[in-house]
Amino acid sequence: MADDPFSLFDRWYAEARESEPNDPNAMALATADARGRPSVRMVLLKGHGPDGFVFYTNRGSRKAGDLAVNAQAALLFHWKSLRRQIRIEGAVTHTTDQESDAYFATRGRDSQLGAWASEQSRPLDDRATFEARFAEMTARFDGQHVPRPPNWGGYRVTPDHLEFWHDRAHRLHERRVFAPDAQGGWREGLLFP
């Protein structure tokens with residue numbers, strides 16, 4: 001029971017990376033719009049630590065619009081092979097331009113071009129329109145470095161609640177809950193089920 005939530009996350013995440021066959025960094029991201037209407041979708045964790053959990057997206061997307069008016073989010077990791085899940089809730093901020101540029105530079109070239117071609121969350125007439133936009137970006141940046149699009153960047157969820165759920169026999173599950181304490185650390189509670 002002496003773990004801080006970030007070292008516990010690191011251990012569970014390392015185990016998930018060894019056992020999950022696809023995308024151990026996949027997490028459900030829940031947001032709510034100005035009317036409080038919730039929305040959830042899968043995104044990929046691209047960085048984490050005591051300062052928060054980072055993902056990247058088009059800042060014209062629905063999730064970005066939700067976060068612009070309600071800068072709170074919830075994340076859920078579910079690792080079925082390990083019979084574990086982690087819930088994270090907290091405030092959301094943009095990553096710095098330097099962080100976003102550094103991550104964008106690690107993406108494959110086609111993914112970089114796709115970020116330029118995509119108008120995420122906006123309907124297109126058909127797939128051919130998107131493929132034409134991708135071809136246009138391929139030609140535009142032919143032989144050149146692909147910079148990060150100005151409408152694309154990262155978000156950091158800084159947790160104020162973390163819950164580690166572990167499946168147990170007979171549905172007698174174990175839940176370890178962490179919340180900030182007054183001294184800048186974390187207090188832990190254990191819940192059944």
* Using just the helices of the chain, give the 222 nm mean residue ellipticity in deg cm²/dmol: DSSP H runs with n ≥ 4 each add -39,500 (n - 2.57), and the total is spread over all residues, rounded to 500. => -9000 deg cm²/dmol
* To do: Taking just the C-alpha trace of segment 46-116, give me its Rg and Dmax in Å.
  => 14.1, 38
* Assuming R0 = 41 Å, what is the FRET efficiency of Phe130 and Glu174, from their Cβ-Cβ distance, to the nearest 0.05? -> 0.35
* Net charge near Pro159, counting Lys/Arg +1 and Asp/Glu -1 over other residues with Cβ under 11 Å of its Cβ? -> -2
* Structure fact -> Once Lys and Arg are counted +1 and Asp and Glu -1 for all other residues with Cβ under 10 Å from that of Glu89, the total becomes -1
* To do: Subtract the Cα-Cα distance of Ser81 and Ala34 from 0.36 nm times their separation in residues, and report this length gain in nm to one decimal.
  => 13.3 nm
* Asked: Computed FRET efficiency, Cβ-Cβ of Asp110 and Arg187, R0 30 Å: what is it to the nearest 0.05?
  -> 0.05
* Structure fact -> For segment 52-137, dividing by residue count, accessible area per residue (probe 1.4 Å) in Å² works out to 53 Å²
* **Label-point gap, in nm, between Thr96 and Asp10 - each point 7 angstrom along Cα→Cβ** => 2.2 nm
* **Segments 78-90, 105-117, 127-139 sorted - mean Cβ within 10 Å per residue, highest first** => 78-90, 105-117, 127-139
* To do: For P(r) over Cα pairs in 5 Å bins from 0, in percent, several values are listed as [x] 1, 8, 14, 14, 12, 11, 10, 9, 7, 6, 4, 3, 1, 0, 0; [y] 1, 8, 15, 20, 22, 17, 11, 5, 1, 0; [z] 1, 7, 14, 17, 17, 16, 12, 8, 5, 3, 2, 0; flag the one computed from this structure.
  => [z]
* Structure fact -> Expressed as a percent, the accessible surface of segment 32-149 that is carbon or sulfur, using a 1.4 Å probe and the full set of protein chains, is 51 percent
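The values are calculated or read from the model by the stated rules, or taken from the named source; none is laboratory data. Just so it is clear, the model here is predicted, and its values are computed rather than measured. Neighbour counts run over all protein chains shown; Cβ positions are idealised from the backbone, glycine included. Remember, those area values only see protein heavy atoms, side chains included, never the ligands or the DNA or RNA. Shrake-Rupley method; radii C 1.70, N 1.55, O 1.52, S 1.80 Å.
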